[in-house]
Amino acid sequence: MKHLSRRSSSNSGRTPRRGTQFTLWTPLAGVLSCGLLVTAACQLPRAIIESPVKRARAEAVHDLRTSDFDVQHYALDLLVDPAERSLEGTCLVSFLPRDVALTELELDLFGLEVTAISDAEGNELAYTHADGVLSITLASPLPPGSLGEVLVTYGGQPAKGLWFVDVENGLPTQVFTQGECEDARWWFPCWDHPSDRATSELRVTVPDNWITIAAGDLVESTEFIATEASSRAPNALDGGAWRTDHWRMNFAHPTYLTTLVAGEFEVVREEWNGIELLYVADEDFAKYIPTNFDSTIPALEFLSEYTGITYPFSKYSQACVENFPFGGMENISASTLTEQTLGDKRQDRDRSSEGLVVHELAHQWFGDLVTCVDWPHIWLNEGFAVYASLLYVEATYGTDEFRARMRDTQESYMKGDVGANRRPTVHSIYRDPMDLFFGGQTYPGGASRLHMLRHVLGDDAFQDCVQTYLERFAGQNASTEDFRQVAEFVSGEDLGWFFEQWFERPGFPEFSLRWTYNETEQLMTLDVEQIQSVVGGTPSAFRTPVEIEVRDRAGTELHRVWLDRRKQSFEFAVESKPEWVRFDKHSFIPKTVKWIGRRDAEWLTIAREDDDVNGRRDAVRALAKRAEETNRSELLDLYVAELVNRLEFDTSAYVRADAAAGLTGIKRPQTRVKLTQAAEKDPSAKVRVAALEALISFGQDERLAGFARKAFEDGYSWKTMGSAARLLASAAPDQSVEWLVSKLLVDSPHDTLRASLLETLGKTRSAKALEHLERWAMDPAAHPTARAAAVTQLGILVPTRYDVGRDLAGLLNEPDYRLRGAVIQALAEFIDPASRQKLRDYYERTVFPRERRAIEASMGTALSTRR
């Protein structure tokens, strides 16, 4: 890789970022004595504090938004002023009337002030600007097919859409934009809906020591010294060094994919197939770029081959920023990622950046090259990106890893799609389109349905379907119906039933299964009953093919049958009584399964000998449940022996981790020995964590306390260190508070460890723990991750303390989204009217849908029709 130093002045006098200094709390003096972190947070959007009280629309059906014009191009020319945390400049909008002559143009723009609007001839145009709608009266009617242009001069301090973050010495050092779902309108005037695609260019003026990244290619870069007369930086101080970068994206795209990242960054560059690759991060995390982004080129190669379309843009950048409110955002040719994805070897053992890297890269095809036509079809973007990432896993790491992750994806979806959260995948009822991103249906639910479609069509036809879909709709928008038509064209099958069942109706199948054997006729009969509730439109019976594997003394045989009724029975000829019967052998169906009458011997054989990782996982979980429920020592011996066997010898870390978890509460010398061995030697951090957590059930034990200290000091991963701390708190509770407080001095990337230790400290419920939690929560120099953990524990420990509730309410004005989220969660636990009122007041101010939904959930239905 080629390394390019960032544009910056000398670092002498630069304030270190969080985690690079210590200030200490000492109980005697009341001064800092714990390892705290230097602040680096974004400026709180002033609109959150100052915006008038408004009520939002109630949940309602949303039809496809349409307009009487088609935007062709946006040309932005902006000054970004970190000192004022503002932007000002112009946006030139080029557009075509659709069917009739156009006399008025309506654009979206929130929270910023328009000072002038003119057309291509220089005519000043009349306009009104209220409630986020900028209505512009054209100088004369513009007939269909004629290109019109309006130049909007505007500026202000964005409430969202564009963020100033990572404050040093009072000034932001980073800026980023986030347009999805409909937040582009908060930083430039536009027709802000995914169905409208336009090319774009961005001229942005920033301090000369900043790097800029935007969509498309860097066309030109010009440095200059600002003066009062400078047209490029009208509000800059005289003599300031500035630079204007000109970026252009010639591929039409929705407004929410328009992007800017700017700031004091380091950039690493390399090339793949003539395509420039850029990796961007703050200097404190730039050292992690090579290892955290090393999957980029393999993923580019895989996705280009699988989709049949080589990466479609001329460059691809990945910029990591502070306080990014999501994991990542697939802006066209320029993804923005949370800098929390960057970390050391310990973090990589816990969670690799690879999944996020591949997911956002996959969006360049699924979401950018082809975009969902409207938000109810957002699964076409997100479900495809999740599944493409899983396909990459399958190609890179093999079948076992793919199937295990696919099962986890299905379970994640099903966990969210229950109760009041159950809804169809394609769903047009919401308050804010961002609401569709929660609940599991869009991400893992969409991926689970694509996996089902692959099961129905077969591998080759499914890949043909994906390639045809992308080829047919490249540069366009698509709906679920469009995708269905492609699937039917490729397969030659009527798939209306599939899309109606899996996309237009909610839920998933729940099965009750029983098999019996007729020795005389040498027949095995499998009885299948679908027992899911049909409330809310969930199908009474899901239609689906299913693989049933039967193993007898002659070997295994895989049968494919179709389910289409609530109750069905299937007969299979066998040579002997089956050793096992596997239903949905390779876990294509998102489902729950309850086996009636399945014997121990069958589960034990599956655990030992099934070649499918999820079969062994199911067996391990079933044996663990039976171990928990049995009161017969000989059966417990049997279950424990196999769980230990899986923990020691299974080839899959997923099975070993499930086995370790299954040994929780079984306080035997053998289990203790095996769990400590796994916690110390297993190559997977996942397994070590599961083993350490299982050891907690042994309670007070000085030897285990010593083992916990050693595991912490060994530092295999940050999560294993956190689990080791929890083990010590259980094994030696009298010693744990002092030990935990001392370990708060240990730094980790993004304060992952410190947050875990604060959570464990809170669970000791000691007065000293409470003292430290309050200090960490309220210290503005602490990292938001640690502060959020402390806040959460305070909500659990002292919900009756009015003074604590008052102090926490003040943190609702903090800029970090993680901290505010923890405060909302904590204040919901407080019972005093003042704390509850603080939540209500904040509900009226916040512009963030996630926060509104969280407050509504915490306070019941009283706010359900508000913003």
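The values are calculated or read from the model by the stated rules, or taken from the named source; none is laboratory data. Quick caveat: nothing in here was measured; it's all calculated off a predicted structure. When we count neighbours, we look across all protein chains shown, and the Cβ atoms used for this are built from the backbone with ideal geometry, even at glycine. Heavy atoms of the whole protein, side chains included, go into the accessibility calculation; ligands, DNA and RNA do not. Shrake-Rupley method; radii C 1.70, N 1.55, O 1.52, S 1.80 Å.
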Tell me which residues, restricted to segment 560-589, are surrounded by 12 or more Cβ atoms within 10 Å (Cβ to Cβ), touching an Asp or Glu at 6+ places or on another chain (Cβ under 9 Å), assigned to a strand (DSSP E or B) and among the hydrophobic types (A, V, I, L, M, F, W, C). Val561, Phe570, Phe572, Trp580, Val581, Phe583
So which of Ala789, Ala777 is open to solvent by 10 Å² or more (accessible area, probe 1.4 Å) and assigned to a helix (DSSP H, G or I)? Ala789
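One line per residue, one yes/no per condition, for (1) closer than 20 Å to His363 by Cα; (2) not in a helix (DSSP H, G or I):
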site	(1), (2)
Tyr392	yes, no
Asp400	no, no
Arg403	no, no
Asp408	no, no
Ser412	no, no
Thr425	yes, yes
Thr442	yes, yes
His455	no, no
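Restricting segment 367-390 to residues that are among the hydrophobic types (A, V, I, L, M, F, W, C) and part of a loop (DSSP other than H, G, I, E, B), which is farthest from Ala653 (Cα to Cα)? Spell out the reasoning first.
Going through segment 367-390, the residues among the hydrophobic types (A, V, I, L, M, F, W, C) turn out to be 369-370, 372-373, 375, 378-380, 384-386, 388, 390.
Then keep just the ones that are part of a loop (DSSP other than H, G, I, E, B); that gives 369, 373, 378.
Numbers: Leu369: 36, Val373: 40, Ile378: 33 Å.
The selected residue is Val373.
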Can you pull out every residue in segment 617-641 that is over 15 Å from Arg598 (Cβ atoms) and among the charged types (D, E, K, R)? Arg617, Glu628, Arg632, Glu634, Asp637
Regarding segment 508-516, can at least one residue be identified that is part of a helix (DSSP H, G or I), at pLDDT 95 or above and either open to solvent by less than 10 Å² (accessible area, probe 1.4 Å) or over 20 Å from Asn381 (Cα atoms) (or both)? no
Does Phe830 satisfy being among the aromatic types (Phe, Trp, Tyr) and open to solvent by 10 Å² or more (accessible area, probe 1.4 Å)? no
I'd like to check something: does segment 645-653 contain any residue that is open to solvent by 20 Å² or more (accessible area, probe 1.4 Å), at pLDDT 95 or above, outside any helix (DSSP H, G or I) and acidic (Asp, Glu)? no
Within segment 277-290, the count of residues that are part of a helix (DSSP H, G or I) and under 21 Å from the mean Cα position of the chain (by Cα) comes to 2
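Only one of these is at pLDDT 95 or above and surrounded by fewer than 19 Cβ atoms within 10 Å (Cβ to Cβ): Ser352, Ser335. Name it. Break it down into steps so the answer makes sense when it comes.
Working: Ser335 fails: surrounded by fewer than 19 Cβ atoms within 10 Å (Cβ to Cβ).
Being at pLDDT 95 or above and surrounded by fewer than 19 Cβ atoms within 10 Å (Cβ to Cβ) holds for just one of Ser352, Ser335, which is Ser352.
Kindly evaluate Leu134 against the criterion of being of a type outside the set (S, T, N, Q), farther than 30 Å from Asp282 by Cα and either open to solvent by 40 Å² or more (accessible area, probe 1.4 Å) or assigned to a helix (DSSP H, G or I) (or both).
On the way: of a type outside the set (S, T, N, Q): yes; farther than 30 Å from Asp282 by Cα: yes; either open to solvent by 40 Å² or more (accessible area, probe 1.4 Å) or assigned to a helix (DSSP H, G or I) (or both): no.
Spelling it out, it is not the case that Leu134 is of a type outside the set (S, T, N, Q), farther than 30 Å from Asp282 by Cα and either open to solvent by 40 Å² or more (accessible area, probe 1.4 Å) or assigned to a helix (DSSP H, G or I) (or both).
Among the small types (Gly, Ala, Ser), assigned to a loop (DSSP other than H, G, I, E, B) and on the phi > 0 side of the Ramachandran plot, is that true of Gly179? Write out each step before concluding.
Values: among the small types (Gly, Ala, Ser): yes; assigned to a loop (DSSP other than H, G, I, E, B): yes; on the phi > 0 side of the Ramachandran plot: no.
In short, no.
Is it the case, given these coordinates, that Thr291 is surrounded by fewer than 18 Cβ atoms within 10 Å (Cβ to Cβ) and farther than 20 Å from Glu266 by Cβ? Give the steps one after another, and end with the answer.
Details: surrounded by fewer than 18 Cβ atoms within 10 Å (Cβ to Cβ): yes; farther than 20 Å from Glu266 by Cβ: no.
Judged against the criteria, Thr291 is not a match.
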Single residue of Asp119, Asp108 found to be in contact with a Cys (Cβ under 9 Å, 6 or more places away or on another chain), open to solvent by less than 70 Å² (accessible area, probe 1.4 Å) and charged (D, E, K, R): Asp108
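Can you find even one residue in segment 740-750 that is without any contact (Cβ under 8 Å) to a residue 24 or more places away in the chain, farther than 16 Å from Ala790 by Cβ and either acidic (Asp, Glu) or assigned to a helix (DSSP H, G or I) (or both)? Write out each step before concluding.
At the first step, the residues of segment 740-750 found to be without any contact (Cβ under 8 Å) to a residue 24 or more places away in the chain are 742.
If we keep only those that are farther than 16 Å from Ala790 by Cβ too, we end up with 742.
Narrowing further to those that are either acidic (Asp, Glu) or assigned to a helix (DSSP H, G or I) (or both): 742.
Looking for residues that are without any contact (Cβ under 8 Å) to a residue 24 or more places away in the chain, farther than 16 Å from Ala790 by Cβ and either acidic (Asp, Glu) or assigned to a helix (DSSP H, G or I) (or both), one finds at least one in segment 740-750, hence yes.
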Within segment 723-733, identify whether any single residue is assigned to a helix (DSSP H, G or I), under 25 Å from the mean Cα position of the chain (by Cα), under 21 Å from Ser748 (Cβ atoms) and not basic (Lys, Arg), and answer yes or no. yes
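Can you find, within segment 423-479, the residue that is surrounded by the most Cβ atoms within 10 Å (Cβ to Cβ) among those that are of a type in the set (Ser, Thr, Tyr) and closer than 22 Å to Asp192 by Cβ?
First, pick out the residues of segment 423-479 that are of a type in the set (Ser, Thr, Tyr): 425, 428, 430, 442-443, 448, 468-469, 479.
Of the ones still in play, those that are also closer than 22 Å to Asp192 by Cβ are 428, 430, 442, 479.
Numbers: Ser428: 15, Tyr430: 20, Thr442: 26, Ser479: 18.
By that ranking, first place goes to Thr442.
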Within segment 545-592, track down each residue that is in contact with a Pro (Cβ under 9 Å, 6 or more places away or on another chain), among the hydrophobic types (A, V, I, L, M, F, W, C) and within 30 Å of Gly416 (Cβ to Cβ). Val561, Trp562, Leu563, Phe588, Ile589
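So, Glu557, is that one among the acidic types (Asp, Glu) and either open to solvent by less than 70 Å² (accessible area, probe 1.4 Å) or closer than 26 Å to Arg405 by Cα (or both) or not? Steps first, answer last, please.
Numbers: among the acidic types (Asp, Glu): yes; either open to solvent by less than 70 Å² (accessible area, probe 1.4 Å) or closer than 26 Å to Arg405 by Cα (or both): yes.
In short, yes.
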Given the residues Ala822, Ala826, Ala809, which is the only one that is touching a Leu at 6+ places or on another chain (Cβ under 6 Å) and closer than 28 Å to Trp163 by Cα? Ala826
All but one of (1) among the acidic types (Asp, Glu); (2) touching a residue at least 24 places away in the same chain (Cβ under 8 Å); (3) under 29 Å from Asp183 (Cβ atoms) hold for Glu856, so report the exception by its number. (2)
Members of segment 125-166 that are under 29 Å from Thr212 (Cβ atoms) and either in contact with a His (Cβ under 6 Å, 6 or more places away or on another chain) or among the small types (Gly, Ala, Ser) (or both): Gly132, Gly155, Gly156, Ala159, Gly161
Hits in segment 291-325 (condition: part of a helix (DSSP H, G or I), in contact (Cβ under 8 Å) with a residue 40 or more places away in the chain and among the hydrophobic types (A, V, I, L, M, F, W, C)): Ala299, Leu300, Phe302, Leu303
Looking at segment 590-611, is at least one residue open to solvent by 30 Å² or more (accessible area, probe 1.4 Å), of a type outside the set (D, E, K, R) and free of Cβ contacts under 8 Å to residues at least 40 places away in the same chain? yes
Filter result for Ser140 (over 23 Å from Phe848 (Cβ atoms), surrounded by fewer than 23 Cβ atoms within 10 Å (Cβ to Cβ) and either more than 32 Å from the chain's Cα centre (by Cα) or of a type in the set (A, V, I, L, M, F, W, C) (or both)): yes
Out of the residues in segment 667-704 meeting the condition of being open to solvent by 40 Å² or more (accessible area, probe 1.4 Å) and hydrophobic (A, V, I, L, M, F, W, C), tell me which one is nearest to Arg646 (Cα to Cα). Val673
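When you check Ile378 against the structure, is it over 18 Å from the mean Cα position of the chain (by Cα) and not basic (Lys, Arg), yes or no? Don't jump to the end; show me each part of the working.
Numbers: over 18 Å from the mean Cα position of the chain (by Cα): no; not basic (Lys, Arg): yes.
No.
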So how many residues does segment 714-745 have that are closer than 14 Å to Gln347 by Cβ and surrounded by fewer than 21 Cβ atoms within 10 Å (Cβ to Cβ)? 1
Could you check Thr664 against (1) buried (at least 16 other Cβ atoms within 10 Å of the Cβ); (2) part of a helix (DSSP H, G or I) and say which number it fails? (2)
